[in-house]
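Just below is one structure, and these are the notes that go with it.
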Amino acid sequence: MKNIAFFCIPAHGHTNPMLPVAAELVKRGEKVRFYSFDEFEEKIRKTGAEFISCSSYLPKLTKEEEERVKSISTTEMSIQDIRITLKMNDFLENEFKTFKPDVVYTDSVCFWGKLNAWKFEVPMVVSTSTFAFNQLSSKYMKYSSAEMKDMIFGLPKISKELKTLRPYGYKVKSAMSLIQSDNYTDSIVYTSKRFQPYAESFSNHYLFAGPSVFSDVLPQKEKEKPLIYISLGTVINERPDFYKNCIKGLKDMNADIIISYGRYMDKNLLGELPENVNAFHYVDQLDILSKADVFITHCGMNSVSESLYMAAPMVLYPQTSEQNAVARKVSELGAGIMLTDDSAEGIKNAVQQILDNKSYADSAMECHRDFRSCPGTKGAADFILNAPHKSEGIDVMEELNKGNKIFMLLYWLCVIALICLFGFLISWKFVWIIGIAGGVLSTPLGNVAQKTRYNSIINKIKKTKDK
């Protein structure tokens with residue numbers, strides 16, 4: 001029997017995928033201690049794991065800090081994670097010395113889980129509730145100007161906070177080393193290789209387990225009229241304006257509509273509901289999705305995974321850069337369409353397009369079959385129990401980075417040579433134009449070279465496997 005410590009941030013989308021894994025490990029006779037927060041106690045205890053409350057270590061946020069966290073500010077969330085780590089230092093030091101975990105299973109953005117695993121040199125497996133992101137898959141992200149500003153101007157603040165960790169024995173070079181994916185850290189990603197962007201670029205340290213869900217229910221789409229389900233998740237969900245547009249646009253359709261609006265919003269803000277519309281604080285989402293014909297979603301990874309697991313095509317309404325990445329992948333696979341017009345008429349047209357075109361349902365069913373064929377929670381449990389893992393073969397990212405460095409060196413040598421040639425043969429007066437053009441073209445040409453190099457590496461790996 002192994003002692004396994006689970007760590008997660010206070011967020012449903014990050015906690016929920018870890019629960020079936022905890023249940024599977026407990027079922028096998030392993031001792032699981034789950035460090036979480038009071039709102040998740042009931043769910044965690046149902047898995048059979050030992051629940052350890054960390055709620056007393058959550059800082060009391062000012063209204064300004066709370067608003068920044070709600071707006072998914074990377075800077076604010078990172079700062080709060082660091083402060084929580086410091087508050088939990090003495091408590092977790094005692095826990096690691098007495099519980100003596102054999103393995104730490106921690107959410108990818110749970111700093112106190114990662115930092116203490118490193119500090120006490122315990123094998124660590126990272127739980128990745130969204131895509132695994134490296135320099136290739138990150139291209140799926142589309143950052144807003146506000147998110148870019150937050151990241152750029154927030155880095156000095158995060159670096160300052162990180163310095164407060166050092167006197168307590170936490171060795172961390174930068175915020176990126178806490179957040180970014182690398183090819184040396186054991187990680188479980190709750191999606192399939194088919195759904196993960198640039199899956200081939202990740203090493204054997206990654207297990208693409210597929211959605212982590214409790215349900216064995218299969219899709220049940222046969223009924224008298226379509227079911228449309230609407231939810232914006234558990235974080236940025238206080239949007240009565242959007243829900244009212246959905247109601248206005250869909251009320252006259254021959255369809256049943258269910259809205260899950262979260263626990264904080266007042267239902268009265270929706271006004272009087274038409275006969276075919278029902279609204280709830282909370283629903284059994286997997287059960288609803290098993291019957292749903294269209295899901296209007298914010299594109300959180302957990303919600304999208306559950307939707308495809310139940311073969312429900314989507315109207316995609318992402319609110320953050322990560323959600324944009326997930327939405328882009330769904331769209332590429334033909335299992336959903338982007339909502340570019342969130343007016344009542346725009347919502348109605350998007351829903352009708354999915355109902356009228358069977359290809360969306362067919363694509364969602366294909367994703368459903370793909371997800372069901374993944375290793376699942378049993379594979380995830382095996383992966384955790386066998387940690388740490390070794391990686392064999394070519395490290396794609398390492399090879400790619402070497403090629404990128406060589407390309408950029410040769411590129412700039414060519415630019416310098418062109419500048420000199422132009423200067424000596426024509427005039428030095430306008431050589432600055434070549435320099436500027438070289439800078440502008442370096443990114444698109446570098447991307448083309450990177451893609452060519454990536455394809456070459458992947459083909460090499462495939463040929464090696466075929467032999």
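Here are some notes:
- Exposure rank, largest accessible area first [R372, R166; 1.4 Å]: R166, R372
- Between the range 421-450 and the range 206-233, the Cα center-to-center distance that results, in Å: 52 Å
- Karplus-based coupling profile of the range 167-173, in residue order and whole Hz: x, 9, x, 8, 9, 9, 7, with θ = phi - 60° in 6.51 cos²θ - 1.76 cosθ + 1.60 and x standing for Gly or Pro.
- Mean separation of Cα contacts under 8 Å (6+ apart) over length of the range 372-467, as relative contact order %: 37 percent
- Calculated FRET value between M1 and E392, using beta carbons and R₀ = 30 Å, to 0.05: 0.55
- Area accessible to solvent at H389, 1.4 Å probe radius, in Å²: 50 Å²
- One decimal place: the segment L58-D90 gains 10.1 nm when fully extended, by the rule 0.36 nm per residue minus the C-alpha distance.
- Using C-alpha pairs under 8 Å with a sequence gap of at least 6, the mean separation divided by the residue count of the chain gives a relative contact order of 14 percent.
- Sites D216 and E50, calculated FRET efficiency, Cβ-Cβ separation with R0 22 Å, nearest 0.05: 0.30
- Site pair S442 and T464 shows an inter-label distance of 3.1 nm when each label is modelled 7 Å from Cα along Cα→Cβ.
- Summed over the residues of the range 215-274 and divided among them, the accessible surface reaches 56 Å² per residue at a probe radius of 1.4 Å.
- Lysines with Cα under 16 Å of K100, excluding same-chain neighbours fewer than 8 positions away: K2, K31, K114, K119
- Kyte-Doolittle mean at least -0.5, axial Cα span of 27 Å or more - DSSP H helices of the chain: 396-425, 431-466
- Ordered by solvent-accessible area of protein heavy atoms (1.4 Å probe), largest first, the residues K171, K221 come out as K171, K221.
- Solvent-accessible area per residue in the range 311-356 equals 37 Å², computed with a 1.4 angstrom probe and all protein chains kept.
- Net +/- balance of residues flanking P10 in space, Cβ distance below 10 Å, scoring K and R +1, D and E -1: -2
- Here K244 is the anchor, and the lysines within straight C-alpha reach of less than 16 Å, apart from those fewer than 8 places off in the same chain, are K267, K348.
- Note: the chain, Cα convex hull, 189 Å³ per residue.
- In this structure, the amide hydrogen of S108, modeled 1.01 Å from its nitrogen in the peptide plane, lies closer than 5 angstrom to those of S127, S129, counting only residues at least 5 positions away or on a different chain.
The values are calculated or read from the model by the stated rules, or taken from the named source; none is laboratory data. Predicted, not measured: the structure shown is a model, and the values here were computed from it. Note: ideal-geometry Cβ built from the backbone for every residue, glycine included; neighbour counts use all protein chains shown. Note: accessible area is taken over every heavy atom of the protein model, side chains too, but ligands, DNA and RNA are not part of it. Shrake-Rupley method; radii C 1.70, N 1.55, O 1.52, S 1.80 Å.
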